[in-house]
Amino acid sequence: MEKLIVIRYAELSTKKSNISLFLKQLKTNVSFTLDEYKPTIYFDKGRMFIETSYINECVEKLKYVPGIQGILIAYKIKTDVDVIKDTTIDLLKEKDFKTFKVSTKRSDKNFPINSMDFSKSMGAHILKNIDNISVDVNNPEIEVKIEIRKEDTYIYLDEIKGLGGYPVSSNGKGLLLLSGGIDSPVAGYLAIKRGIKLEALYFAAPPHTSKQAQEKVEDLARKLAKYNNNINLHIINLTEIEEALYKDVPRDYLITILRRMMYRIATKIAYKNKLKCLVNGESVGQVASQTLQSISVINEVTKIPVIRPVVCFDKLEIIDIAKKIETYDISILPFIDCCTIFVPKHPVINPEIEKTIEYEKLIDYESMIDRALQSEEIIKIKCDKTNKFSDIL
């Protein structure tokens, strides 16, 4: 009997002619994540199999890999009725339970007993050999899953829920506008789950923003790197642009125009690095710059797709995810970002595009954007074998 890990796919099972592309990407990501344990990995359209001497350590790592629906601790045995029954009893005798259920999947249609009949026979065999237990098909304490294949049979007693979604990089690459707030890290996490490999962009405005504010964003990027494998964090100095806007632009339009400047810069960085979309944490109506009219006016400066994963989430829903991915406690640290510094008391909530364009002409923003891009610093945030993060490109 061989003990191994079996991965059950998420939405990948719905793919048809191009499923092999997604599975190859998932294998690449799993290999990257488990590299230190040197596992043997092979797969077919139904399952991925991982042979390793470090079962528990690998399972913990796999919890952070998108594209996995379930992580199964499996026991691989010969496809033989008596061997299956004997092995199942041996495994169950190590468990403490009162109710159970048997589920059989017969991948080998030449096996002489169909799935339903084998489950019934197996259930009767378990009841006969283990005392004081009963069958519960609706809410069992333990579910015995048996997958019968041509040469080997797999028995599963334990399944750990995976992240679901698509493998990272299977749907291209994008640029996350990462602030120090609660929303943008959650948006990044949700985009990663959809198979988008992310780089991140942070706007600093020293001396108005502190070094601690940037370190806070780096910490948020480190949390996302667990799911993304690594993240290139682009740092842009926005001080000149912010000070010019504060000096020359009507205060109620300041945030609208600042966001347009950010989108222009983000678009240039995305094109330069062959990133196919922008990702942000906008949620409709949450603040003045996130009304539908504001979003429309701000979005007008870019032709690249803008993905807003939390656009219809309420704040409590976003906070719940932030806590799950361990970004919430970092996001609420009291170090303000560049969007918070110059927020007017009464920002416009329904900006007019004509006025916006007119006010932008009050500053030489194109040359300022060029200088901001020249200030770019890229920090490569990656997870080493001890989950520490480091390195500057």
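What follows is calculated from the coordinates using simple rules that are stated; it is not laboratory data. Since this is a predicted model, take the numbers as computed values, not measurements. So basically every Cβ, Gly included, is an ideal-geometry build from the backbone, and we count neighbours across all protein chains shown.
With N set to the residue count of segment 123-214, report its C-alpha Rg divided by 2.2 N^0.38 Å to two decimal places. Before the final figure, lay out each step's value.
On the way: Rg = 24.2 Å, N = 92, 2.2 N^0.38 = 12.3 Å.
This ratio for segment 123-214 stands at 1.97.
Given 20 °C and 1.002 mPa s, how large is the Stokes-Einstein diffusion coefficient of segment 82-128 in µm²/s, with Rh as the Kirkwood radius over Cα pairs? Don't skip to the end; give the middle numbers.
Numbers: Rh = 11.5 Å.
Diffusion coefficient, whole number: 186 µm²/s.
Can you work out the Karplus-derived ³J(HN,Hα) for every residue in segment 91-103? Use 6.51 cos²θ - 1.76 cosθ + 1.60 with θ = phi - 60°, whole Hz, and x for glycine or proline.
So the Karplus estimates, Gly and Pro as x, are 5, 5, 5, 8, 9, 10, 7, 10, 10, 8, 8, 10, 10 Hz.
Report D for the chain in µm² per second (integer): Stokes-Einstein, Kirkwood Rh on Cα pairs, 25 °C, 0.890 mPa s.
Details: Rh = 23.8 Å.
Estimated diffusion coefficient is 103 µm²/s.
Can you sort M261, M368 from fewest to most other Cβ atoms within 10 Å of each residue's own Cβ? Don't skip to the end; give the middle numbers.
On the way: M261 23, M368 19.
Ordered by Cβ neighbours within 10 Å, fewest first: M368, M261.
If you wrap segment 1-109's Cα atoms in a convex hull and average its projection over all directions, what's the area in nm²? Show your work: numbers first, answer last.
Numbers: hull surface 33.1 nm².
If you wrap the Cα atoms of segment 1-109 in a convex hull and average its projections, you get 8.3 nm².
Let me check against my output: what whole-number percent is the relative contact order of the chain, with C-alpha pairs under 8 Å and at least 6 apart?
17
So, by mean Cβ neighbours within 10 angstrom, what's the order for 55-64, 146-155 with the highest one leading?
Working: 55-64: 16.0, 146-155: 18.6.
In decreasing order of mean packing, 55-64, 146-155 become 146-155, 55-64.
Rank-order 17-25, 220-228 by packing density, defined as the average count of other C-beta atoms within 10 Å over each peptide's residues, highest first. Please report the intermediate quantities before stating the final value.
On the way: 17-25: 14.1, 220-228: 24.0.
Result, highest mean first: 220-228, 17-25.
For segment 225-299, which semi-axes, largest first and in whole Å, follow from the square roots of 5 times the eigenvalues of its Cα gyration tensor? Walk me through the numbers before you get to the answer.
Numbers: eigenvalues 122, 58, 26 Å².
Taking √(5λ) for each Cα gyration eigenvalue gives 25, 17, 11 Å.
Could you tell me what percent of the DSSP beta bridges with both partners in the chain are antiparallel, to the nearest 5?
Details: 39 of 64 bridges.
If I count the DSSP bridges inside the chain, around 60 percent turn out antiparallel.
Give me the Å³ per residue figure for the convex hull around the C-alpha atoms of segment 54-113. Display every interim value, and only then the final one.
Numbers: hull volume 8.9 nm³, N = 60.
Spread over its residues, the Cα hull of segment 54-113 gives 148 Å³ apiece.
At 10 °C and 1.306 mPa s, grab the translational diffusion coefficient of segment 173-392 from Stokes-Einstein with a Kirkwood Rh over Cα pairs, rounded to a whole number in µm² per second. Before the final figure, lay out the partial values.
Values: Rh = 17.4 Å.
D = 91 µm²/s.
Rg over Rh of segment 286-356, using C-alpha atoms and the Kirkwood radius, what does it come to? Walk me through the numbers before you get to the answer.
On the way: Rg = 14.7 Å, Rh = 14.6 Å.
Value, to two decimals: 1.01.
Using the scaling law 2.2 N^0.38 Å as the reference, what is the normalised Cα Rg of segment 81-180? Could you put the intermediate results ahead of the total?
Working: Rg = 18.9 Å, N = 100, 2.2 N^0.38 = 12.7 Å.
Against the compact-globule rule of thumb, the ratio is 1.49.
Relative to the Cα centre, what is the charge dipole magnitude of the chain, using +1 at the beta carbon of each Lys and Arg, -1 at the beta carbon of each Asp and Glu, and rounding to the nearest 20 debye?
Numbers: 58 positive and 54 negative charges, 228 e Å.
My answer is approximately 1100 debye.
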